[in-house]
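Remarks on the structure that follows.
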Amino acid sequence: LGSDPEGSWVATELPDYYAPWMNVAANLPHLIEGHQLRREMPLLSTQYLRGHRQLRLARLALGFITMGYVWQGGGRQTILPRALAVPYCTISELLDLPPILVYADCVLANWKKRDPCGNKPFNSAGNLDILFSFPGGDSNKGFFLVSLLVEAAAAAGIKVPSPNEIARGQALRVKCVNPGVFFRSLRIYLSGWKDNFLMPEGLVYEGVWDSPKQFFGGSAAQSSTLQCFDVLLGIQHSAAQGFSAEYLGCMRDYMPAAHRAFIQTLASGPSLRQFVLATGDAGLHAAFNKCVSALADLRSYHIQIATKYITIPAGRCRAEQQQLGGCVHKGTSVLSERGTGGTGFMRFLKAIRDTTRKAQLTEQEATVPTH
């Protein structure tokens with residue numbers, strides 16, 4: 001998964017000194033639902049964290065607590081208390097990541113094996129669990145684990161395929177995410193404070209910065225895997241209605257530094273597209289186009305998922321509010337139109353899907369000699 005340069009598994013425990021962080025993060029759904037996240041958390045030093053894995057776990061815990069604190073009860077706090085802000089920003093700076101929960105946190109670092117000593121493979125059905133969650137129960141767990149399993153499946157496109165495809169498929173099928181629960185209970189906690197009408201000024205990180213800072217929320221656009229595929233296949237999103245290329249470039253700042261470096265290495269290397277064209281091999285051209293088509297199909301499926309889990313539940317939520325005689329809450333409207341990463345998500349998803357389709361090699365290109 002590329003989430004940990006020191007080993008195959010993410011850390012699941014921190015030194016006892018950090019029990020206040022871990023206890024709050026482990027009980028976050030209960031604390032959020034009871035409006036019990038308060039400012040009394042002690043300010044802990046980061047000096048006892050050892051190695052990359054412990055830093056990632058500490059950042060994960062603080063990231064979940066931060067999102068819970070800001071969005072608990074559907075409300076929003078504009079000041080992050082010093083006890084959270086100072087260590088969170090310190091750890092984030094060490095890891096070269098922005099101080100907000102990102103895809104690499106809640107997906108790539110937020111898992112453990114139920115039976116770490118057993119013989120079951122990582123991706124076998126029922127052998128995975130998440131470390132931290134928001135309100136939403138099993139749907140919450142399913143959302144993060146399905147995203148994790150998609151990353152694991154996609155890794156075969158970058159490295160030599162593993163023999164565990166059947167087990168991986170079984171694992172994907174048994175994870176369930178209820179659209180209504182996702183929209184009403186989970187999605188708000190993935191939202192950021194940049195290009196978000198609910199927090200137009202951003203968030204003050206007490207004890208770190210005097211003025212508010214703005215950061216995008218977690219988004220699938222922060223998946224290093226998908227951007228690797230774009231670079232490998234020579235897919236250019238600059239024509240995707242203007243904002244796509246700039247936004248996708250910005251999302252690299254929300255990826256682990258090693259992932260950003262890997263994507264840059266791919267981008268600066270020889271062009272696979274030009275190599276395929278130079279061969280003049282019809283079979284190779286067809287294989288290349290099949291890869292592009294598969295990526296476009298994946299993005300079309302993403303649009304279907306967004307419709308099922310955001311657009312349709314948002315419409316039902318508005319209808320229910322109107323039937324009860326109340327006006328539609330502004331937050332509901334914003335959540336139905338913009339992604340957690342701050343984009344007008346449907347327009348964005350369709351734009352990158354369309355430019356992906358256009359990356360296919362044409363017959364004309366195949367007949368033009370390259371030098």
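The values are calculated or read from the model by the stated rules, or taken from the named source; none is laboratory data. Treat the numbers as computed from the prediction; the structure is a model and nothing was measured. Calculation scope for accessible area: heavy atoms of the full protein, side chains included, ligands and nucleic acids excluded. Shrake-Rupley method; radii C 1.70, N 1.55, O 1.52, S 1.80 Å.
Overview of results
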| quantity | calculated |
| --- | --- |
| By accessible area with a 1.4 Å probe, ligands and nucleic acids excluded, highest first: order of 302, 30, 285 | 30, 302, 285 |
| Long-range amide H partners of residue 358 with built H, under 5 Å | none |
| Residue 78 - accessible surface, heavy atoms, 1.4 Å probe, Å² rounded to 10 | 80 Å² |
| Sequence-distant residues sharing a close amide H with residue 128 (under 5 Å, placed H) | 114 |
| Accessible area, probe 1.4 Å, largest first, for residues 113, 213, 308, 290 | 290, 308, 213, 113 |
| Estimated vicinal HN-Hα couplings, Hz - region 94-110 in sequence order (Karplus 6.51, -1.76, 1.60; Gly, Pro = x) | 4, 8, 6, 10, x, x, 7, 5, 10, 4, 5, 7, 6, 10, 6, 10, 9 |
| Note, ³J(HN,Hα) from phi for region 300-308, Karplus 6.51, -1.76, 1.60, rounded to Hz, x at Gly and Pro | 5, 5, 4, 4, 4, 5, 4, 5, 5 |
| Computed accessible area, residue 111, all protein chains, 1.4 angstrom probe, square angstrom | 10 Å² |
| Sequence-distant residues sharing a close amide H with residue 100 (under 5 Å, placed H) | none |
| Principal semi-axes in Å for region 266-321 [√(5λ), Cα gyration tensor, largest first] | 41, 13, 5 |
| Phi-based couplings in Hz for region 177-190 (Karplus 6.51, -1.76, 1.60; Gly and Pro marked x) | 10, 7, x, x, 5, 4, 5, 7, 10, 9, 4, 4, 6, 9 |
